[in-house]
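Below you'll find the structure, written out as structure tokens, and then a few comments.
The values are calculated or read from the model by the stated rules, or taken from the named source; none is laboratory data. Computed from a predicted structure; not experimentally measured. Positions of Cβ are generated from backbone atoms using ideal geometry, with glycine treated the same way; all protein chains shown enter the neighbour counts.
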Amino acid sequence: MAPTKIDITINDKKITVLEDSMLIKAVIGAGIALPTLCYHKDLTPNGTCRLCMCEIEIKGKRRLVTACNYPVRQEMTVWTNSERVQKHRKVLAQMYLGRWPNVPVIQDVARRCGVTDGSAFASDLTDPNPKACILCGHCVKACDEFIQERILDFAGRGILRHLTMPFGESDPHCIGCTSCAHVCPTGAIQIIDDTNHPVDPDLIRKHGMKVNAEMATLDKNQCCMREVGTANIVEVMDRYDLLPVHNYKFGQHPDTYKVDSQVLRKKYFTQNNPDGCWFGCSMSCAKAVDGFELKTGPYKGHRVTVDGPEYETVGACTNMGCFDPDFIVEFNFYCDTYGIDIISAGTGMAFVMECFEAGVITTADTGGLELKFGACAEVLECLHQMSRGEGFGVEVGQGVRFLKEKWIREGRGDARFIRDIGMEVKGLEYSEYVPKESLAQQAGYAMAVKGPQHDEAWLIFMDMVNNQIPSFEDKAEALYYFPLWRTWFGLHGLCKIVWNDVAPADNKKYAPQLAAKIPEHVDNYFKFYEGMTGEKLDEEKMLAQSARVHNLQRLMSVLFGFGTRAGDTPPYRSLGPVTEEEYLSRAERYDGQLQSVLGLDPAKMTLDEKRAALRAHRESQYQKVMDAAYARRGWSQDGIPTKARLRELGIDLPELLALAAD
Amino acid sequence: MIRVNDLHDVPWREGMTVQDVLDHLKYTYALITVSIGGDVIEPEHYADTPVPDGCAMTVFHLAHGG
Amino acid sequence: MTSPISMNQLETISAGVHAEQARYRGMLMVCNGTGCVAAKGFEIKKILNDRLAEHGLQDQWLVVGTGCNGFCAVGPIVVVQPEGIFYQKLREKDVETLVVEHLVGGKPVEKLMHRNPVTGAINPKMEDIPFFTKQQLVALRNKGLIDPENLDHYIARGGYTALRRVITENQPEDVIAEITRSGLRGRGGGGFPAGVKWASGRKAMEKRGCEIYVVCNADEGDPGAFMDRSIIESDPYAVIEGMTIGAFAVGASEGFIYIRKEYPLALVRLNRALDAARAAGLLGDRIFGTDFSFDIRIHRGAGAFVCGESSALMASMAGRAGEPRAKYVHNVEYGFRDKPTVLNNVETWANVPPILEKGAKWFAGMGTGDVKDNPWNGSSGTKVFSLVGKVRNTGLVEVPMGITLREIIEDVGGGVPDGRTFKAVQTGGPSGGCIPASHLDMPVDFDSLTGLGSMMGSGGMIVMDDRTCMVDVARYFVDFLVDESCGKCTPCREGLYALSRILRRICDGNGVEGDLDMLEAICDTVRETSLCQLGGSAPNPVLSTLKFFRDEYEAHIREKRCPAGVCKPLISYRILEPACTGCGACVKPCPTAAITGERKKTHVIDAQKCIRCGICFEVCKFHAVEVK
């Protein structure tokens, strides 16, 4: 629904504002300055200094309101500097000046209100300190809204109000993020120590605060990371046909609403605090469920705290066709408790389920477990077996590659089918996005050094939705830049989430290719590096730093026998529809491609012919994107870093050169 | 006809707004940037910005996965 | 009561209670409100039971501990029903007399009865006492008549028939409309029409498709006010039933009562009443077996005056510091837990069941204005006041809206005692205004009081006599508010402190020309720019005394004189020669031994030693001590 617009008049100037926007935004937008001592653009308004008071008239009735927290809801006339307003501002300014005569921001604001003398309000409480705390509340709000710690607050009633930590002691929970000092307008809060001795702490702080402010002000209208964490994209992925369902056959499901982030938020999440995985992180994407009663396994009947679920947890479960949120939380708990990776467990189980439904295996193999899609209870039983080292669980626990090879070796079913649907590359199970319709992402997954995990590149939207990297060269460029960029902040112990799970309000000003990189956020990371080390960083330098490591990692992969063209080749399920059912579920899209890209007439083709034609096309496309990406990375056509590339990067050590291509 | 992201053709009709196009394509993601002929349209104007027939519209989704 | 009661059981229960009571010759209603309890009300009840047993009368007379009777000035009180014989100021030893002479001997005990303070005539029955005659009881309809902890007693007085009718016969919208038509306005001080508030809450709930809460504000913090406490102590089910009806009307399933921790007796009774209502199925799931479910939880406040402000109260309930927020967006839209919240005070909720039982028209028939089409157009119903200060009959009174201040103070209150004259009455708690004698014929309703620069507030009424210094009064209340201001916004925090300093210096004789202008300027800014109504109304005591008693301020500043003889630095005590009999009564109590003199000869006060405590003035029976 479109927000309602309201016309208001400010000092005779007509302005249109959105309903419920704060009056101060309109006033500032009209180019009018208001005196204030408690308003901060990145914090929710306090409305305590009362200096921004304006006189408004609605339907003939006049009143005074504070512009900072007055939501505009109807047409009105506003005077920002009427006689009545001026009179009160003068008195308020005198009050401030009487109490804190030497604080520069007060002197400045008072002067703007036409006051230079506050002696009428001088008292025993007058504080001559030019850096006195003036009770503006910025620090309290920053502690709450920027980093959600709520350690600073006011104590004492009335005139005794003062800033403190709990019980007047230095609180050990303070993580030393220094947000409070940064927003303090008087310098009342001082930072004593920077423990790890950065070269330029202010530079780090300045950019950290930008992130904080974005989290506090933008996240609630963007991804809601603070509220629901990464689970916010469960419903997004479903809507864009990217949520893995039934071992990546499909990208959406009518039951997704049962497990989306709103369900988790309303019925499950109880913890919303920073978990400290990244010191001072204001995003606090980690969520937890408290008091969850387990229904199965060794802790049956216990009430436990579960760390999660996040997006991949839910995706792993929808991939198994399980849309019961209680199951998801229980699966999450036991995977964590057993030390089993949720993604591998979910993707592995989804493969087993499809094989079971296709008759590749039967209850004779599974020890009686009916492992069909959606079989929540059976999945948990199999998971418990895995942990005990018993029964069918032992086999499933060894992963998709093991199962594939075993079942093909044993001559069960169609070997090609088993290879096509076993979603692993280099022995690692796929993480939970459907890459089928995005060529760039197919490569992003399969070419990743450790296997198909998207922490090198997630290019689905850029490629499939935005169509911003249409050519092979464009895709190759993305497959060059993003893996290096992501490797870089991984190397520095920095998290990826504040790079792209919140975006600056004006990121739109960049053209899509640049916007996708979120230049301002990349710059934040560069400044963190510079503030810490004293060395300036730019994109070129960053890529060079990262490429040394990335190529080294690739050579190690070569050493272990994975880092080759064959090792970068994904199962066909990752590239296109394996089964008839799968083709038919997106027949319009696939038929269209046959027609527009290959010039075929699908109406004259059988389903088998169409599938074969599409497969041939997609497999050849994939080969081409690998060619382009290898070339851009300076690797041979077998996917091995060349000696020239190693020399260029300054890592031409004899041991490495021995592994490199010519 | 409106061309979106040089990928989809959306049938044009009289009075069509940016919001109508987004609804048609089910583009509901939070971090999107809409532009027509290079001009960025702010979210508050989706519902009252008309889309001219034959125009090229880009709907840029900012997302890099988990 | 341990099992849920069904709808048609109300009459059976009621009949049972009446039959049980009919087995006795009569009932002895012992006031067990906090005031009487402090004066040994519990002991009186116990002794009464003991004596009855000794005389073998325990099966003939039923002793019932009730909530506050209202006439606190004369507690402890026992009323003998059905005749209504009113015994006052009972001491433990009086109980035996009462039992022997009245219950055994059949002769009511005159010396324990109330006497007209002027004529000395005896008023044997409660209904004869002027304190009670002008009262009209709605919110306090059950006071003194039931055991507040006994649900059956409440039902026997017609309790829960309103809820039953509402649930079975009405749509929520009908209930809201009925309350709106009744003209019921918020008794907590704001005077906002309850029906309008409920309708807004329901609308917000429907629009947002979320939960809605009902809240009862029992955080009565005004010095000298005890209306809400007394209602809860005497009739907790009235509040619970009122809230349950409100919850049905607005669509709530959860309710909260925010009650201050300083009200232990009210809290105990409330908890017992909630437990009993739950056990009877009148709270909890499927009330009366219908689809409507509702329960109430108690939140105990820590005793901050500002928590009586609704947004501060909700902040406190949510575990945050009790500080108000700007209410440009109302609580009915975003209140507790950011959900729509309908908050009314204790008295408002207690008015709800009788309105639905007897109809909006009946309620609108009391009070002022014609409210049937517009609840703003008058003040319907009654209002409970706690009448305190320099008035004979201190206590809890409920009078129809529109009654004059004079009727309350002179007729109900019995006027100013000790031969002093009336000077002012302060209404509306610490941030109300002081109204002088010239306005005593002003009708008491929301709009008239506001027009006079005071307010209804929650119903505190403090009477002052000619020995009250109005500057000192203003200083006292401003100091109270300095302590109770939360300190969040600048004008209230800094402005009140500045007012306090100026008032103190005027009282100390250090006032200067210009102080009154300064006071007015600060008051103006505090009133107009404060974040909440605590600050917005805080200047009232200063502004109203400046308006009506400006000459007193001027005497302090220009003549360094306190006309009422209160401000110590400005007064001196002197013993007048002809009047002093030399009795010596003042010598011993004087804490600084400043008074000397031979017996039967005029005494003298040493001005150097005198600390102006005024004890000599109080003890002198011959009006020989003069204060100037």
*Out of A:Leu543, A:Leu552, A:Leu537, report the one residue that is assigned to a loop (DSSP other than H, G, I, E, B), surrounded by fewer than 20 Cβ atoms within 10 Å (Cβ to Cβ) and among the aliphatic types (A, V, I, L, M).*
A:Leu537
*Regarding A:Arg89, is this residue in contact (Cβ under 8 Å) with a residue 40 or more places away in the chain, within 12 Å of chain C (Cβ to nearest Cβ) and surrounded by 16 or more Cβ atoms within 10 Å (Cβ to Cβ)?*
yes
*Would you check if A:Asn11 is in contact (Cβ under 8 Å) with a residue 40 or more places away in the chain, more than 30 Å from B:Thr17 (Cα to Cα) and in contact with a Cys (Cβ under 7 Å, 6 or more places away or on another chain)?*
no
*Within the set of pairs 6+ apart or on separate chains, which have a first residue in the range A:485-512 that is away from every other protein chain (no Cβ under 12 Å) and under 24 Å from A:Met464 (Cβ atoms), a second that is of a type in the set (D, E, K, R) and not in a helix (DSSP H, G or I), and C-beta atoms under 9 Å apart?*
A:Thr487/A:Asp455; A:Thr487/A:Glu456
*Which members of the range B:1-24 meet the condition of being more than 9 Å from every other protein chain (Cβ to nearest Cβ) and exposed (fewer than 15 other Cβ atoms within 10 Å of the Cβ)?*
B:Met1, B:Arg3, B:Asp9, B:Pro11, B:Arg13, B:Glu14, B:Gly15, B:Asp23, B:His24
_With the structure loaded, tell me whether C:Gly597 is small (Gly, Ala, Ser), out of contact with any Lys or Arg (no Cβ under 7 Å at 6 or more places or on another chain) and within 14 Å of chain A (Cβ to nearest Cβ) or whether it fails that test._
no
*Give just the number: which of (1) closer than 27 Å to C:Leu387 by Cβ; (2) crowded, with 21+ Cβ neighbours inside 10 Å; (3) modelled with pLDDT of 95 or more; (4) within 14 Å of chain A (Cβ to nearest Cβ) does C:Pro430 not satisfy?*
(3)
_Of residues in the range C:272-307 being within 14 Å of another protein chain (Cβ to nearest Cβ) and part of a helix (DSSP H, G or I), the one nearest to C:Pro430 (Cα to Cα)_ = C:Phe305
*asked:* So in the range A:107-131, with the set limited to residues that are under 44 Å from the mean Cα position of the chain (by Cα) and part of a loop (DSSP other than H, G, I, E, B), which one is nearest to the other protein chains (Cβ to nearest Cβ)?
replied: A:Asn129
*Top-ranked residue of the range A:460-499 - restricted to ones that are in contact with a Phe, Trp or Tyr (Cβ under 9 Å, 6 or more places away or on another chain) and small (Gly, Ala, Ser), ranked as surrounded by the most Cβ atoms within 10 Å (Cβ to Cβ)*: A:Ala476
_Options C:Arg467, C:Arg505, C:Arg475; residue that is in a helix (DSSP H, G or I), in contact (Cβ under 8 Å) with a residue 24 or more places away in the chain, farther than 30 Å from A:Ser82 by Cβ and among the charged types (D, E, K, R)_ = C:Arg475
_Count of the range A:237-267 residues which are more than 21 Å from A:Phe327 (Cα to Cα) and either among the acidic types (Asp, Glu) or within 11 Å of another protein chain (Cβ to nearest Cβ) (or both)_ = 4
*Hits in the range C:315-343 (condition: touching a Phe, Trp or Tyr at 6+ places or on another chain (Cβ under 8 Å), surrounded by fewer than 23 Cβ atoms within 10 Å (Cβ to Cβ) and in a loop (DSSP other than H, G, I, E, B))*: C:Ala318, C:Ala321, C:Ala326, C:Tyr328, C:Lys339
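Within the range C:477-509, can you find the residues that are among the β-branched types (Val, Ile, Thr) and more than 10 Å from chain A (Cβ to nearest Cβ)?
Those that are among the β-branched types (Val, Ile, Thr) and more than 10 Å from chain A (Cβ to nearest Cβ): C:Val478, C:Ile506.
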*Within the group C:Ala273, C:Ala247, C:Ala238, which residue is in contact (Cβ under 8 Å) with a residue 40 or more places away in the chain and either surrounded by fewer than 23 Cβ atoms within 10 Å (Cβ to Cβ) or over 25 Å from C:Cys36 (Cβ atoms) (or both)?*
C:Ala247
*So which residues in the range A:11-70 are polar (S, T, N, Q) and either crowded, with 23+ Cβ neighbours inside 10 Å or within 12 Å of chain C (Cβ to nearest Cβ) (or both)?*
A:Thr36, A:Thr44, A:Asn46, A:Thr48, A:Thr66, A:Asn69
*When both residues are 6+ apart or on different chains and their Cβ atoms are under 8 Å apart, which pairs have a first residue that lies in the range B:11-40 and is within 14 Å of A:Lys509 (Cα to Cα), and a second that is of a type in the set (A, V, I, L, M) and assigned to a loop (DSSP other than H, G, I, E, B)?*
B:Leu31/A:Ala503; B:Leu31/B:Leu62; B:Leu31/B:Ala63; B:Ile32/B:Leu62; B:Thr33/B:Leu62; B:Ile36/B:Val51
*Name the residue, out of A:Leu64, A:Leu51, that is within 22 Å of C:Gly495 (Cα to Cα), touching a residue at least 60 places away in the same chain (Cβ under 8 Å), of a type in the set (A, V, I, L, M, F, W, C) and in contact with a helix residue (DSSP H, G or I) (Cβ under 6 Å, 6 or more places away or on another chain).*
A:Leu51
*Mind listing whichever residues of the range A:513-527 are in contact with a Phe, Trp or Tyr (Cβ under 7 Å, 6 or more places away or on another chain) and at the interface with chain B (Cβ under 10 Å from one of its Cβ atoms)?*
A:Ala515, A:Ile518
*Looking only at the range A:276-293, decide whether some residue is part of a helix (DSSP H, G or I) and without any contact (Cβ under 8 Å) to a residue 12 or more places away in the chain.*
no
*Listing of helices (runs of 4 or more DSSP H) fully contained in the range A:133-239 that carry 3 or more residues being at pLDDT below 90 and aliphatic (A, V, I, L, M)*: A:201-217
_Selection status of C:Val512, in a loop (DSSP other than H, G, I, E, B), out of contact with any strand residue (DSSP E or B) (no Cβ under 9 Å at 6 or more places or on another chain) and of a type in the set (A, V, I, L, M, F, W, C)_ = yes
*Can you tell me how many residues in the range C:521-554 are surrounded by 19 or more Cβ atoms within 10 Å (Cβ to Cβ) and more than 14 Å from chain A (Cβ to nearest Cβ)?*
12
_If I filter the range C:561-569 for residues that are without any contact (Cβ under 8 Å) to a residue 12 or more places away in the chain, farther than 22 Å from C:Ala594 by Cβ and not in a strand (DSSP E or B), do I get at least one hit?_
no
*Here are some conditions: (1) over 18 Å from A:Met22 (Cβ atoms); (2) within 14 Å of chain C (Cβ to nearest Cβ); (3) not charged (D, E, K, R). A:Asn102 meets all but one. Which one does it not meet?*
(2)
*Restricting attention to the range A:501-524, report how many residues are in contact with a Leu (Cβ under 7 Å, 6 or more places away or on another chain) and closer than 21 Å to A:Ala286 by Cα.*
2
